[in-house]
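A short write-up of the structure that comes next.
The values are calculated or read from the model by the stated rules, or taken from the named source; none is laboratory data. Since the structure is predicted, the reported quantities are computational estimates derived from the model, not experimental observations. With ideal geometry, Cβ positions are generated from the backbone for all residues, glycine too; neighbour counts draw on all protein chains shown. Keep in mind that these areas ignore ligands, DNA and RNA; they rest on the heavy atoms of the full protein, side chains included. Shrake-Rupley method; radii C 1.70, N 1.55, O 1.52, S 1.80 Å.
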Protein chains: 2
Amino acid sequence: MTNELVEPLLAGNRRALARAVSEVEDRTVASRGLMAALFPHTGRAHIIGVTGAPGTGKSTLVNVLARTYRTAGKTVGIIAVDPTSPFSGGALLGDRVRMRDLAGDPGVFIRSMATRGSLGGLAHTTADVLMVLDAAGFDRILIETVGVGQAEIDIASAAHTTVVVEAPGMGDEVQAIKAGVLEIADVFAVNKADREGADHTAMALQMMQGLAPSPAAHHRSSAGSGPAHPQPGAQAGGSWLPPIVKTVAVRGEGVEVLCQWIERHAEHLRATGQLGRREEARAASELDHILRDALLTDLTHRLPPGHLARVAAGVARRELDPYSAVDQLLLDYGFRR
Amino acid sequence: MTNELVEPLLAGNRRALARAVSEVEDRTVASRGLMAALFPHTGRAHIIGVTGAPGTGKSTLVNVLARTYRTAGKTVGIIAVDPTSPFSGGALLGDRVRMRDLAGDPGVFIRSMATRGSLGGLAHTTADVLMVLDAAGFDRILIETVGVGQAEIDIASAAHTTVVVEAPGMGDEVQAIKAGVLEIADVFAVNKADREGADHTAMALQMMQGLAPSPAAHHRSSAGSGPAHPQPGAQAGGSWLPPIVKTVAVRGEGVEVLCQWIERHAEHLRATGQLGRREEARAASELDHILRDALLTDLTHRLPPGHLARVAAGVARRELDPYSAVDQLLLDYGFRR
């Protein structure tokens with residue numbers, strides 16, 4: 001049943017792809033075999049995380065980025081984890097209509113992770129869907145998330161290249177978010193750059209980079225103080241100084257430059273061997289999650305039915321603290337000796 | 001060493017409390033014993049989640065709510081998970097200064113979860129810190145999160161009473177977020193209600209409730225169609241229709257009414273036995289997380305050093321898919337028979 005999907009999916013059949021993604025999202029029994037069969041075909045896509053606060057226009061930017069890649073002959077997968085994204089149905093009808101030109105293109109596949117699952121499940125499912133799109137042969141995969149939530153920031157930063165989108169005049173609350181996402185950025189996009197304050201936003205980013213305790217920031221801190229003015233991008237020591245690109249996504253302005261920087265970063269990751277290290281970190285995190293799930297499933301199967309619920313009820317009645325309850329359980333059922 | 005902290009903490013010593021919270025946040029060895037000793041003293045606080053998008057003014061609302069509770073003679077713990085909150089240091093200096101009147105009050109304890117850990121760790125640590133504040137005897141505990149991220153919404157909705165904060169004129173992107181947080185609200189606050197569009201926002205919320213497939217929404221959908229106009233709050237069948245409260249937090253307006261609705265919801269939970277069920281759900285989720293951690297720790301201790309990293313490297317090189325790698329590992333090391 002699963003193998004039915006593998007061949008057409010690898011051959012580029014969109015219906016098979018859509019069904020495979022659904023199987024993986026629903027964690028069906030068949031999805032396990034599917035993942036195993038698809039896995040050897042993964043590892044070719046360049047994965048780009050795009051994150052930013054609501055209102056920065058990152059969905060439009062993702063849209064235009066995708067079109068730019070299409071013009072260059074690359075196929076594009078889009079995963080929208082952002083609940084405010086028009087891809088996820090979270091925005092006005094006008095935006096969704098505007099997205100349709102992408103949806104009609106066979107070189108583009110869009111999937112929104114609209115369903116809210118349990119904590120952590122989001123990242124896990126996103127990783128699996130990513131794997132399926134990778135196996136399906138998309139050259140670039142864009143993951144759009146909200147740069148406010150912890151899980152969403154983690155998902156975006158697990159990409160090969162992370163684009164952090166800012167916009168001028170978003171108010172102090174949103175400005176403050178920067179501190180948290182600053183350290184994950186490989187490329188900054190100051191979108192809506194035709195608005196007042198765009199220079200100020202770009203300069204603020206540059207200054208914040210100067211304050212960050214990273215090798216790149218160290219280079220940057222000497223900016224303007226002499227001939228050692230560093231250019232953004234790959235540095236002599238193998239580090240990377242994130243460029244700051246101004247864009248006006250609704251008019252397509254600056255998006256080609258943004259695209260070039262993403263490609264340069266991809267090249268930098270390959271040239272320095274950092275791509276392999278990012279892949280290993282991604283694999284480790286994926287393994288960790290699958291292991292936890294598997295261990296808990298095995299345990300649950302060995303417990304009497306309803307046992308965990310009874311323990312939870314006891315904890316809720318304050319008969320036993322949850323840590324001691326877990327110790328007891330592991331001892332009682334032979335998981336710990 | 002741990003027991004050193006327990007007695008002064010239970011006696012109300014603030015320094016012991018701060019140290020205990022740090023131990024729990026850092027997951028020190030001592031924190032386990034500490035949690036076990038404190039646990040029997042928990043279960044008395046009413047836990048209130050306050051969530052909303054950046055810019056809705058929820059930090060100010062939390063501030064004024066805390067002061068309202070203080071005036072009523074209740075002690076208040078505040079946990080700020082929101083990276084944009086002035087409690088977390090994420091806002092302008094002016095805001096932080098404004099918060100200081102709370103910080104100087106011995107009946108208030110504020111803790112910000114500013115450090116970004118790994119995915120899922122945030123909820124776990126928040127639950128543990130919550131337990132410590134509960135044991136320390138705070139009457140009300142307010143947890144402030146950003147109503148955009150998955151993890152943050154999960155944390156807020158694990159509270160006894162969840163307050164969802166909206167504000168008029170936040171733009172379409174933010175309006176769209178509502179759909180995701182609508183179902184978790186026990187009470188809606190339309191903050192900045194002196195601004196244009198507040199009535200519109202309140203009405204939009206009322207309409208969205210009418211569309212939601214919940215028993216409460218079913219009641220609401222008949223609103224205005226005759227004498228069966230339902231009042232918000234506890235319904236005849238034991239369900240709860242979330243009230244919509246207009247507030248102007250910076251001037252303290254409407255906050256007492258909001259406070260009264262929170263208390264009424266608390267009473268409703270007690271009267272209907274739903275409090276026990278919410279406690280059991282919270283305990284089950286806490287157990288689940290602790291179990292996963294414990295099982296993975298046990299496994300890691302039984303593996304040769306560096307084994308997991310080697311498996312991850314193999315997965316990164318596409319030699320084996322992560323699901324098969326996990327199956328293999330569990331078989332090889334006797335975790336599965």
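Structure notes:
- Ranked by how many other beta carbons lie within 10 Å on average, peptides B:241-248, A:13-20, B:55-62 from highest: B:55-62, B:241-248, A:13-20
- Residue-level result for chain B: its Cβ closest to the axis carrying B onto A, with that distance in Å, is B:Gly149, 1.
- Shielding of A:38-46 by partner chains, average beta-carbon count, 10 Å: 2
- Given R0 = 30 Å, the distance between the Cβ atoms of A:Ala236 and A:Met203 translates into a calculated FRET efficiency of 0.75.
- For the pair region A:246-267 and region B:295-337, the centres of their Cα atoms are 40 angstrom apart.
- In this calculation the C-beta distance from B:Asn3 to B:Asp139 is compared with R0 = 25 Å, giving a FRET efficiency of 0.45.
- Heavy-atom accessible surface of region B:1-54: percent carbon and sulfur, 1.4 Å: 50 percent
- Dipole of region A:250-318 [Lys/Arg +1, Asp/Glu -1 at C-beta], most positive-end residue of A:Gly276, A:Pro304, A:Gly314: A:Gly314
- A/B buried area, accessible surface, summed, 1.4 Å probe, Å²: 6800 Å²
- Electrostatic tally near B:Val311: other residues with Cβ closer than 15 Å to its Cβ, Lys and Arg +1, Asp and Glu -1, net -2.
- Take the Cβ atoms of A:Ala11 and B:Arg317, set R0 to 22 Å, and the FRET efficiency comes out at 0.30.
- Using a 7 Å projection from Cα along Cα-to-Cβ, the label point at B:Pro305 is separated from the same position in the remaining copies by 4.7 nm, smallest value first.
- Members of region A:52-78 that become less accessible by 40 Å² or more once partner protein chains are added (1.4 angstrom probe, chain alone as reference): A:Pro54
- Using a 7 Å Cα-to-Cβ projection, A:Gly107 label spacings across copies, nm, ascending: 6.7
- Accessible area of A:Arg302 in the full protein assembly, 1.4 Å probe (Å², nearest 10): 90 Å²
- Drop in accessible area of at least 10 Å² in the complex versus isolated chain, residues of region B:144-163, 1.4 Å probe: B:Val146, B:Val148, B:Gly149, B:Gln150, B:Ala151, B:Glu152, B:Ile153, B:Asp154
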